[in-house]
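Visitor: Just dropping this structure here.
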Amino acid sequence: MKITKNNCTGCGACMISCPTGCISMRENKLSEIVPYINLEKCIACKKCVNTCPQNKQLSYSTPYKCYVAWSKKSDDRIKSASGGIATVMARYQLENNNYFYGCDYDCNINLKHFLVNSEKDISKIRGSKYSQSNSYDIYLDVKEKLKDGKVVFVGTPCQVAGLKSIIGKSNENLITVDLVCHGTPPNEYLKKHIHNLNIKKTDKILFRGEYDQKLTILENENIIYQKDKTKDTYFSAFYANMISRNSCYDCKYAKGSRISDITIADFWGLKKLNNIDKMSNRPSLILINTDRGLKYFNEIKQYLIYEERDVQEGIKGNGRLNNPPGKNIKARIFQFLYPICGLDKSINFTNIIFNIYIHIKKLRARLQNLYSK
């Protein structure tokens with residue numbers, strides 16, 4: 001039995017909190033990872049319900065400082081989605097014998113959060129990952145690491161909320177960094193898409209960074225597949241807001257007030273810089289939401305090229321810092337078709353049906369205009 005409805009983000013906090021282990025995270029008919037409960041083991045303690053961030057009045061912070069920034073290292077900038085800020089954080093954590101958690105795809109195309117242990121691991125966290133990661137498997141590890149060091153966790157806002165629900169009371173050693181999120185498709189969609197491309201093995205999957213705005217799949221550092229976001233079936237559907245999980249369309253975190261200490265994103269709508277020269281690649285937006293976040297920024301800023309900007313400039317240019325996307329017609333058609341037709345066929349059929357719908361609307365408008373004369 002499912003214990004949550006369409007607003008479930010799949011953060012997994014309910015499963016981790018369950019004292020009897022009766023909750024498992026499994027796929028529903030849309031391949032979204034959601035919790036299921038084994039009623040025979042359930043003791044009705046309601047700890048899962050009380051831990052779930054979707055059931056809570058959460059504490060948000062209003063950003064009070066804003067920066068445009070890039071890593072000073074050119075390699076970080078080239079290989080990152082924007083300015084390489086997460087890379088700077090991860091390296092700083094390693095150099096100071098502390099902890100950093102980011103995510104990457106494993107050899108089976110499962111996107112998972114993991115503890116960064118080396119410079120090689122840092123290269124894995126670069127670039128945007130346009131599917132949903134499994135963050136819940138590391139929540140308890142984060143809780144343990146907080147006992148003897150500072151932890152930086154980077155994830156989507158709902159994952160930050162899930163982690164904070166497990167950690168409980170505020171911990172000065174935990175720095176939470178949320179990514180301004182376009183929406184997260186179930187990871188199974190990407191796995192099915194790559195399977196449909198007849199790709200058997202991959203070492204790296206990229207959407208942004210060195211090969212910007214192209215779905216790039218590598219094996220042994222060689223490109224075995226690459227298509228622009230407008231030509232790849234999965235990538236184009238992602239940008240059309242067609243394949244996100246249900247909770248993303250009415251996301252409670254898509255607003256100016258934030259759940260984390262620091263928010264990072266692309267800096268859209270950046271106006272003329274005052275004191276620094278603009279770097280060649282896309283700038284990073286850094287929003288400071290808490291005093292803890294500001295203290296951490298002051299620790300890493302020596303590794304950045306940065307300039308303070310007006311907070312509203314940073315928020316105004318980014319749609320997901322203002323409101324959630326809402327479920328569009330394409331998403332509704334896709335969700336109807338997916339359980340019947342599978343991924344790629346559903347995306348293609350959705351585009352065909354949508355184009356027919358648009359043509360009918362235009363024809364109807366012309367006929368109404370004709371008859372009104």
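The values are calculated or read from the model by the stated rules, or taken from the named source; none is laboratory data. No experiment lies behind these values; they were computed from the predicted model shown. A quick note on method: Cβ atoms are made from the backbone with ideal geometry, for glycine too, and the neighbour counts reach across all protein chains shown. Only protein heavy atoms, including side chains, enter the accessible area calculation; ligands, DNA and RNA are left aside. Shrake-Rupley method; radii C 1.70, N 1.55, O 1.52, S 1.80 Å.
Visitor: Can you give the accessible area per residue of the chain, in Å², using a 1.4 Å probe?
Guide: For the chain, the solvent-accessible area averages 49 Å² per residue.
Visitor: A further question on this structure: Exactly which GluC sites (Glu not before Pro) in the stretch 77-178 are in a DSSP loop and have at most 16 other Cβ atoms within 10 Å? Walk me through the numbers on the way to the answer.
Guide: Values: sites: E95, E119, E144, E172; in loops: E172.
Sites meeting the loop and neighbour criteria: E172.
Visitor: Cα-Cα over 18 Å: which of K252/K295; K112/K295; K272/K301; K29/K192?
Guide: Check vs 18 Å cut-off fails for K252/K295; K112/K295; K272/K301.
Visitor: If you average 1/r across every pair of different Cα atoms in the chain and take the reciprocal, what Kirkwood value do you get, in Å?
Guide: Details: mean 1/r = 0.0459 Å⁻¹.
The Cα-based Kirkwood calculation yields 21.8 Å.
Visitor: In addition: Bin by bin, in steps of 10 Å, what percent of the Cα pairs in the stretch 213-258 do you find, going until the bin that has the longest distance?
Guide: Pairs per bin, as whole percents: 24, 31, 29, 14, 1.
Visitor: What does the extension gain come out to for N97 and I224, with contour length at 0.36 nm per residue minus their alpha carbon separation?
Guide: Taking N97 through I224 to full extension adds about 42.0 nm, to one decimal.
Visitor: Within the stretch 317-373, count lysine pairs with alpha carbon atoms under 21 angstrom apart where the residues are 8 or more positions apart or belong to different chains. Please report the intermediate quantities before stating the final value.
Guide: On the way: K327/K345; K327/K361; K330/K345; K330/K361; K330/K362; K361/K373; K362/K373.
Lysine pairs meeting the criterion: 7.
Visitor: Here's another thing I want to ask about it. Per residue Cα convex hull volume for the stretch 327-373, in cubic angstrom? Show your work: numbers first, answer last.
Guide: Numbers: hull volume 3.0 nm³, N = 47.
Convex hull volume per residue, Cα atoms: 63 Å³.
Visitor: Using a Gaussian network model of the chain whose springs link C-alpha atoms within less than 10 Å, name the residue from R282, R332, R91 with the highest mean-square fluctuation.
Guide: Result: R332 has the largest fluctuation of those listed.
Visitor: Arrange the residues I352, I23 by how much accessible surface each exposes, largest first, with a 1.4 angstrom probe.
Guide: The residues order as I352, I23, largest area first.
Visitor: Sticking with this structure for a sec: Pick out which of L58, L270, L363 has the largest mean-square fluctuation in a Gaussian network model of the chain, springs linking Cα atoms closer than 10 Å.
Guide: Of L58, L270, L363, the most mobile in the Gaussian network model is L363.
Visitor: How far apart, in nanometres, would the label points at N108 and V311 be if each is projected 7 angstrom from Cα along the Cα-to-Cβ direction?
Guide: In this crude spin-label approximation the distance works out to 4.4 nm.
Visitor: Send over the Kirkwood Rh of the stretch 1-58, from the inverse of the averaged 1/r over different Cα pairs, rounded to one decimal Å.
Guide: Values: mean 1/r = 0.0871 Å⁻¹.
Computed over Cα pairs of the stretch 1-58, the Kirkwood hydrodynamic radius comes out at 11.5 Å.
Visitor: Of all the Cα-Cα pairs you can form in the stretch 11-153, what percent are over 26 Å apart?
Guide: Percentage above 26 Å: 40.
Visitor: Just need log10 I(q)/I(0) for the stretch 104-167 at q = 0.23, 0.25, 0.26 Å⁻¹, Debye formula, equal scatterers on the alpha-carbon atoms, no solvent, rounded to two decimals.
Guide: Ignoring solvent entirely, the Cα scatterers give -1.11, -1.26, -1.33.
Visitor: So how do Y101, Y306, Y371 rank on accessible area, 1.4 Å probe, biggest first, that is with the largest at the start?
Guide: My answer, sorted largest first, is Y371, Y306, Y101.
Visitor: Calculate, for H359 and F336, the FRET efficiency according to 1/(1 + (r/R0)^6) with r their C-beta to C-beta distance and R0 35 Å; round to the nearest 0.05.
Guide: That gives a FRET efficiency of 0.95.
Visitor: Please state the Cα pair-distance histogram of the stretch 136-258 with 10 angstrom bins from zero: what percent is in each bin?
Guide: For the stretch 136-258, the binned pair fractions read 11, 32, 30, 22, 4 percent.
Visitor: Now a separate question. Compute the normalised compactness of the stretch 184-231: alpha-carbon radius of gyration over 2.2 N^0.38 Å, N being the residue count.
Guide: Rg over 2.2 N^0.38 Å, computed on Cα atoms: 1.10.
Visitor: Same structure, new question: Using alpha carbons only, how many angstrom separate the centre of the stretch 202-250 from the centre of the stretch 49-78?
Guide: The two parts, judged by their Cα centres, are 23 Å apart.
Visitor: Sum -39500 (n - 2.57) across every DSSP H segment of at least 4 residues in the chain, then divide by the residue count to get the 222 nm mean residue ellipticity, nearest 500.
Guide: Value at 222 nm, helices only: -10000 deg cm²/dmol.
Visitor: Local charge sum around K73 (other residues, Cβ-Cβ under 11 Å, Lys/Arg +1, Asp/Glu -1)?
Guide: Result for the neighbourhood of K73: +2.
Visitor: What number do you get for the stretch 21-100 when its Cα radius of gyration is normalised by 2.2 N^0.38 Å, N = residues?
Guide: Ratio of Rg to 2.2 N^0.38 Å for the stretch 21-100: 1.77.
Visitor: List, largest first, the extents of the alpha carbons of the stretch 228-305 along their principal axes, each in whole Å.
Guide: Per principal axis, max minus min of the Cα coordinates gives 41, 31, 21 Å.
Visitor: I'd like the accessible area for D75: 1.4 Å probe, protein heavy atoms, all chains in place, Å² to the nearest 10.
Guide: Around 70 Å² of this residue is reachable by solvent.
Visitor: Heavy atoms only, probe 1.4 Å: what % of the accessible area of the stretch 12-59 goes to carbon and sulfur, would you let me know?
Guide: Numbers: 1330 of 2710 Å².
C and S atoms contribute 49 percent here.
Visitor: So what's the stretch 249-373 giving for Cα Rg divided by 2.2 N^0.38 Å, two decimals?
Guide: Against the empirical 2.2 N^0.38 Å value, I get 1.60 for the stretch 249-373.
Visitor: Sequence neighbours fewer than 8 away in the same chain don't count; with that in mind, list the aspartates and glutamates whose C-alpha is under 14 Å from K147.
Guide: Hits, sequence-local ones excluded: E172.
Visitor: Which percentage, to the nearest 5, of the DSSP beta bridges contained in the chain is antiparallel?
Guide: Taking every DSSP beta bridge with both residues in the chain, the antiparallel ones total about 75 percent.
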